[in-house]
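Structure first, then comments.
The values are calculated or read from the model by the stated rules, or taken from the named source; none is laboratory data. Please read all numbers here as calculations on a predicted model, not as lab measurements. Neighbour counts run over all protein chains shown; Cβ positions are idealised from the backbone, glycine included.
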Amino acid sequence: MLDPMKQHGVFSWNELMTSDIDGAKKFYSELFGWTLEDVKPGEMDYTLAKIDGQDVAGMMQTPPKIAEIPPAWGAYVTVDNVDETAKKAEALGGKVVMAPEDIPGIGRFCVIVDPQGAVLSMITYVDNPM
């Protein structure tokens, strides 16, 4: 049976990008009672937020290449093929603001802006059948 969070069209992940990762970790772990686990997927540092051992969100320092972006939570929607869905978003009037790229061991993602200006990330997980 497929993981329901890895089905096409499902909101599957929430992630904070922030300029103050230590402050965010302290704030959210105390606010929500999250247990935090620092991991290193690929070359970046990443923090998993957990409740009862279950991953519920992620947090990361804003990468230098997009340092001007203010801290924000972002949502990911699972898609069967991120490259095809990015092209479809553009055909429907959206804009791809971060082209599809791989997250080692996780999947492939991109970031779009819809015609109204809302930002959304899309992801195809590596074990998600295409």
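One residue stands out in region 87-130 among those that are hydroxyl-bearing (Ser, Thr, Tyr) and touching a Lys or Arg at 6+ places or on another chain (Cβ under 7 Å): the one that is surrounded by the fewest Cβ atoms within 10 Å (Cβ to Cβ), namely Tyr125. Which residue out of Gly58, Gly9 is in a strand (DSSP E or B) and touching a Ser or Thr at 6+ places or on another chain (Cβ under 8 Å)? Testing whether each residue is in a strand (DSSP E or B) and touching a Ser or Thr at 6+ places or on another chain (Cβ under 8 Å) leaves just Gly58. For Ser12, the stated conditions hold: it is among the small types (Gly, Ala, Ser), touching a Phe, Trp or Tyr at 6+ places or on another chain (Cβ under 6 Å) and touching a residue at least 40 places away in the same chain (Cβ under 8 Å). Look through Glu68, Glu30 and report the one residue that is over 20 Å from Met5 (Cα atoms), exposed (fewer than 13 other Cβ atoms within 10 Å of the Cβ) and either touching a Leu at 6+ places or on another chain (Cβ under 9 Å) or modelled with pLDDT of 95 or more (or both). Sole residue among the options that is over 20 Å from Met5 (Cα atoms), exposed (fewer than 13 other Cβ atoms within 10 Å of the Cβ) and either touching a Leu at 6+ places or on another chain (Cβ under 9 Å) or modelled with pLDDT of 95 or more (or both): Glu30. Gly42 falls short on exactly one of the conditions (1) out of contact with any Leu (no Cβ under 8 Å at 6 or more places or on another chain); (2) modelled with pLDDT of 95 or more; (3) small (Gly, Ala, Ser), and that condition is (2).
Residue check: is Asp38 over 20 Å from Asp127 (Cβ atoms), in contact with a Ser or Thr (Cβ under 7 Å, 6 or more places away or on another chain), surrounded by fewer than 12 Cβ atoms within 10 Å (Cβ to Cβ) and not hydroxyl-bearing (Ser, Thr, Tyr)? Yes: the conditions hold for Asp38.
Kindly evaluate Val77 against the criterion of being touching a His at 6+ places or on another chain (Cβ under 9 Å), assigned to a strand (DSSP E or B) and surrounded by 15 or more Cβ atoms within 10 Å (Cβ to Cβ). Here the answer is yes, as Val77 does meet what is asked.
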